[in-house]
1. Cβ under 13 Å from A:Val6's Cβ, A:Val6 left aside: what net charge do those residues give with Lys, Arg +1 and Asp, Glu -1?
2. Taking B:Arg35 in one copy and the same position in all the others, each labelled 7 Å out along Cα→Cβ, what are the pairwise distances from the first, in nm, shortest first?
3. For region A:26-90, which trypsin sites (Lys or Arg not before Pro) are both in a DSSP coil and crowded by at most 12 other Cβ atoms within 10 Å?
4. Please report the buried accessible area for the interface of A with B, total over both chains, probe 1.4 Å, in Å² to the nearest 100.
5. So which residue of A has the beta-carbon closest to the axis that swings A onto B, and how many whole Å away?
6. Under a 5 Å amide H to amide H cut-off, with H placed in plane at 1.01 Å, what residues pair with A:Arg65 once short-range neighbours are removed?
7. Within straight cross-link reach of B:Lys48, meaning Cα distance under 21 Å, which lysines are found once same-chain residues fewer than 8 apart are removed?
8. Using label points projected 7 Å from each Cα along Cα→Cβ, tell me how many nm separate B:Val58 and A:Glu75, to one decimal.
Number of protein chains: 2
Amino acid sequence: MTYGNVLHALADPTRRHIFEALNKGPCSVGDLAARQPVSRPAVSQHLKVLMAANLVSVQTQGTRRLYYLRREGLEGLRQWLDGFWDDALASFGAEVARQVSADDG
Amino acid sequence: MTYGNVLHALADPTRRHIFEALNKGPCSVGDLAARQPVSRPAVSQHLKVLMAANLVSVQTQGTRRLYYLRREGLEGLRQWLDGFWDDALASFGAEVARQVSADDG
DNA sequence: CATTTCCGTAAGTCATTGCTTACGGTAAGC
DNA sequence: GCTTACCGTAAGCAATGACTTACGGAAATG
């Protein structure tokens, strides 16, 4: 479920651009929007989705709101991905795959 | 770009279910649809998307079409994820983050 | 206190998309 | 050859979503 939100959040290209931009360091919403081909409210809405996925966080600084990246938010997705290379699952999958390829030869 | 397709493909819950089901071994479209709350054509369309993302592949076997998982399709996404923990980027990000937290204390 | 800056949210629009039913096409069985 | 099983695609529909403009609120500036 947690990696579901992450996948959904990172599936959008604009959201990925914002996320990658924040990887270079914290940034305000206005500066973030200036480097995107979309309006500032659009960026704000995207940040809301990234927040819900625990991929970014905020820190108010005067009138500005500095968003920064949260790499921990990627952990769930990473672990889910690693699961596909799990030894037990891989060996089982390989065995079934061998049965399939057996029809070929 | 390649991980973009993967993220898009895996963002849909039904597609994830299909993908995870194929992780247990190859399966036909009908059997796949029997375990999903959607119709068979829907599964077929989802498989088309997974194919475009190089996440699955097919092998015709009589009238049946056995779909199987392709773990290589996840490599691009995995590498993209690993990039966020890259030493250089991380140190740079940490430095900027330190500047932000400097305002706090 | 009035103004400016920076931002989040509401409302509305248009494209995307996930789903369905209907159809056509290929391979096995009699 | 006809039927049956299995599947991909087309067409249509309802829902989601990404974007815009308009508005209102909070903090620095004078």
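1. +3
2. The projected label point of B:Arg35 is separated from its counterparts by 4.3 nm.
3. Qualifying residues, ordered by number: A:Arg35.
4. Adding both sides of the contact gives about 3300 Å².
5. For the rotation taking chain A to chain B, the closest Cβ gives A:Ala11, 2.
6. Under 5 Å from the amide H of A:Arg65 lie the amide H atoms of A:Val29, each far enough along the sequence or on another chain.
7. Reachable lysines: B:Lys24.
8. 4.1
The values are calculated or read from the model by the stated rules, or taken from the named source; none is laboratory data. Computed from a predicted structure; not experimentally measured. Quick reminder, even Gly has a Cβ in these numbers, built from the backbone with ideal geometry, and neighbours come from all protein chains shown. Ligands, DNA and RNA are stripped out before the accessible areas are found, and what is left, the full protein with its side chains, is counted by its heavy atoms. Shrake-Rupley method; radii C 1.70, N 1.55, O 1.52, S 1.80 Å.
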